[in-house]
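A quick write-up on the structure given underneath.
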Amino acid sequence: MTPDADLGYRALLMLGPRTVARLARELGMSQSRVSRALDELVAAAAVRPVPSATDAGYRSPDALVWEAVEVERVLDTLRHHRVPASALDRWRRHVTTTTEVGLAALARASVRRWPTRAAARQRAAGLIAAERHEHLAINTEEVFDAEATTAALPLDRSILARGIRLRVLGLPPGDGDRYSAYATALGHAGGMYRELSALPLKVMIFDRRAAMVPSDPVDLEKGYIEVADPAVVQALASMFDRLWDDGTDPREQGVPPIELSKREQALVRLLAMGYTDQAAALELRLSVRTVAYTMRHLMDRLGVENRFQLALLLGAAGAAPRPPRYGSPGSTTT
């Protein structure tokens with residue numbers, strides 16, 4: 001550590017939790033100097049923000065109260081952690097092929113291995129809680145389903161609520177839905193999301209000072225490698241920036257405005273309420289063949305293969321009229 005970081009840690013250890021401003025006054029240092037030292041301590045997992053039940057709304061990182069982590073835990077973090085050769089070799093090869101970092105630099109980098117996905121998630125939560133500036137993430141999952149979205153969004157919102165800049169890269173949905181619900185929800189929360197047709201690896205980067213990469217890119221359940229080596233982290237961040245420049249926002253590119261004819265609107269509304277083709281045809285005074293033709297023409301026009309995909313697309317685009325909240329006339333039609 002730098003002398004400033006060492007001094008800051010010792011001061012927090014002896015004096016107790018402090019804000020950046022208060023610590024700067026007591027050490028006779030500028031706030032910017034203390035802030036830089038604190039960034040270094042955060043990357044080393046030597047300090048953590050003090051949770052407060054009274055926190056409400058946005059608070060700048062410098063307004064947070066910070067405390068020192070126990071000495072034994074800090075020493076354990078700073079020691080070189082031996083990683084099984086097979087996992088380390090896979091990680092080195094994977095990162096080398098996707099960044100400009102050579103194998104020699106990766107061999108010198110001090111890393112930690114979190115052997116399970118659950119352990120890695122817990123560690124990532126701790127790193128996220130201590131972030132002060134920026135969070136970057138690349139997701140390589142082809143299907144980001146509703147369950148994953150539900151799990152990810154609360155954490156994303158907590159990052160954004162603290163004033164942290166959040167950028168996420170992902171793949172176009174591989175489940176037939178041309179519209180990314182996650183991108184929409186993240187955008188509404190204040191985050192930024194872009195997509196690329198191919199992404200080299202899954203990674204999380206915390207304040208450009210630490211990163212976590214799967215130890216086995218094929219099997220995420222085998223855990224993650226955490227690295228805080230400046231050269232490696234900077235290479236990963238630079239790779240992210242290059243990919244980000246090439247990405248597109250699916251909210252702008254994914255789904256054009258959809259306009260339905262009056263017949264299509266009426267038919268979609270009835271089918272959404274549970275009507276069969278026969279019942280909808282009777283209600284609209286059409287033939288069953290005309291109903292089937294209308295739906296097939298609509299699916300062909302929008303480029304989807306089945307009615308389930310059509311429902312996802314129309315719902316995401318807000319093009320389908322909402323059925324009545326109560327009652328279902330179709331359920332009583334014979």
Yes or no: segment 62-73 includes at least one residue that is small (Gly, Ala, Ser), modelled with pLDDT of 80 or more and surrounded by 15 or more Cβ atoms within 10 Å (Cβ to Cβ).
yes
Considering only strands (runs of 3 or more DSSP E) fully contained in segment 97-183, which possess at least 1 residues that are within 18 Å of Leu199 (Cβ to Cβ), of a type outside the set (Phe, Trp, Tyr) and modelled with pLDDT of 85 or more?
134-138, 165-170
What pairs come up if the first residue lies in segment 48-71 and is under 14 Å from Pro17 (Cβ atoms), the second is modelled with pLDDT under 80, and their beta carbons are under 8 Å apart, counting only those six or more places apart or on different chains?
Val65/Ser52
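The values are calculated or read from the model by the stated rules, or taken from the named source; none is laboratory data. Note that the coordinates shown come from a computational prediction; the quantities given were computed from them, not determined experimentally. Positions of Cβ are generated from backbone atoms using ideal geometry, with glycine treated the same way; all protein chains shown enter the neighbour counts.
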